[in-house]
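Structure first, commentary second.
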Amino acid sequence: MSEPRPADEGGRTEGERAEADTDEYTFEDVSVVMGTYNEEEAIGKVLSDVERVTDGKAEVVCVDGSSDRTPEIAREHGARVIRQRPQGYGVAVREAILAPDRPIVVTTDCDDTYPMEQLPEFLESINAGYDVVSGDRLYHGAAAMPAFNRFGNHAFAAIASVLMGTHVHDTTTGMRAYRREVVESIEWTENTGLSAELLIRPLMRGYDVREHPIEYRERAGETKLDPIQGGAAIAKSIVKVCLEERFR
């Protein structure tokens with residue numbers, strides 16, 4: 001998974017990439033982005049954690065379709081809020097990853113399930129040369145995750161691994177770090193299944209991807225995704241995206 005590629009989508013050789021990566025990135029180069037929808041119970045803590053861990057240096061972008069106080073709370077914490085009519089997870093996150101112009105983009109969810117205290121580890125891996133760093137919730141067992149969801153996520157990873165011919169542990173995590181050229185070089189098409197697409201397409205195009213173990217916490221507030229309908233949509237996206245990449 002993490003073997004270097006001879007040239008990236010922009011045509012750079014390994015040596016050219018190494019030269020471009022001589023200067024290490026700091027949190028002043030990082031945008032933490034998320035789609036938000038009625039998460040007033042958790043958004044304040046998530047943004048406080050980002051501010052604390054990055055010493056207020058990381059930019060935060062929220063693409064928001066809420067009807068509660070989520071956008072007001074986000075602005076109070078200094079986040080840039082982009083209002084959007086609710087159209088689903090993928091539509092919001094796709095706009096969020098393309099909105100900022102800093103060289104490193106970190107995706108997360110706004111429900112306090114992801115450990116912002118591990119952001120320095122993600123940045124360290126980017127500085128080590130990885131193009132994508134993907135948080136692996138299942139490595140430590142994800143005990144806080146509902147059992148049905150945990151089973152589904154293992155199944156998604158198994159399906160993707162078979163179709164890609166590369167073993168992955170967690171295809172649907174919401175916490176990842178990307179070099180900007182990765183998110184800008186690929187046309188993202190999925191909605192509910194975007195989280196899987198955001199791993200599968202870079203991996204199958206030869207980008208240097210690392211899965212990094214993270215601690216997964218119990219969510220704050222109510223989930224918005226129906227596990228049956230959402231699971232079916234994610235499985236369909238995995239098959240579709242893997243086949244598209246296999247035959248592109």
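Taken together, the values in this text are just the output of simple stated rules run on the coordinates, not laboratory data. Since we're looking at a predicted model, the values are computed, not measured. In this analysis, Cβ positions are derived from the backbone assuming ideal geometry, glycine residues included, and neighbour counts consider all displayed protein chains.
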Can you tell me, using C-alpha contacts under 8 Å and at least 6 residues apart, the relative contact order of the chain as a whole percent? 24 percent
Whole-Å distance, taken between Cα centres, linking the range 141-169 and the range 34-94: 27 Å
Would you list S66, S48 from fewest to most Cβ contacts within 10 Å? S48, S66
Lysine pairs in the chain with Cα atoms under 24 Å, if 8 or more residues apart or on separate chains: 4
Two-site FRET efficiency, D23 against A144, from Cβ-Cβ distance with R₀ of 45 Å, rounded to 0.05: 0.75
So how far apart, in nm, are the two label points at I228 and K240 if each is 7 Å from Cα heading toward Cβ? 2.1 nm
Ranking H140, H154, H212 by Cβ neighbours within 10 Å, fewest first, what do you get? H140, H154, H212
Volume per residue, Å³, of the convex hull around the alpha-carbon atoms of the chain? 111 Å³
Fewest-first sequence of E121, E222, E245, E197 by Cβ atoms within 10 Å of each Cβ: E222, E121, E245, E197
Of all DSSP beta bridges located in the range 27-246, what percent are antiparallel, nearest 5? 25 percent
Per the helix-only model, the chain has a calculated mean residue ellipticity at 222 nm (DSSP H runs of ≥4, -39500 (n - 2.57) each, divided over all residues, rounded to the nearest 500) of -12000 deg cm²/dmol
